[in-house]
Amino acid sequence: MKVRFYATFRELVGKKEIEVHGVRTVGDLIEFISKHYNPAVGEQLLESPRVDDKKPIDGMILVNGHNILHLRGLNTELRDDDVVYIFPPAGGG
């Protein structure tokens, strides 16, 4: 699958896009990226104080254009032909 990074995640990973194979869920993908590229990715997505039962990540992850919060969250299944987009949390006020 293709995984595309935006804003600060692009800086953390050091690439705009990577290819990943054999990862089964979004949670597994975050673990893979944290292990092989930068543990700060997982920390920012999963360990923020803004993460809770209703919001399992701090940021936005789309699988083929669909927000994982409207799918199965971190348990959203992935296939090798998917495109995943990972965005940091939006700021503003």
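Residue-wise test of (1) touching an Asp or Glu at 6+ places or on another chain (Cβ under 9 Å); (2) of a type in the set (Gly, Ala, Ser); (3) at negative phi.
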site	(1), (2), (3)
2	yes, no, yes
13	no, no, yes
27	no, yes, yes
35	no, no, yes
64	yes, no, no
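Which condition does residue 51 not pass, out of (1) touching a helix residue (DSSP H, G or I) at 6+ places or on another chain (Cβ under 6 Å); (2) of a type in the set (Val, Ile, Thr); (3) over 20 Å from residue 17 (Cα atoms), if it passes all the others?
(1)
Check off (1) surrounded by 13 or more Cβ atoms within 10 Å (Cβ to Cβ); (2) of a type in the set (A, V, I, L, M); (3) modelled with pLDDT under 95 for residue 90 and give me the number that stays unchecked.
Of everything listed in (1) surrounded by 13 or more Cβ atoms within 10 Å (Cβ to Cβ); (2) of a type in the set (A, V, I, L, M); (3) modelled with pLDDT under 95, residue 90 misses just condition (1).
The values are calculated or read from the model by the stated rules, or taken from the named source; none is laboratory data. What you see is a predicted model, and the numbers here were worked out from it, not measured in a lab. All Cβ positions, even for glycine, are placed from backbone atoms using ideal geometry, and neighbour counts span all protein chains on display.
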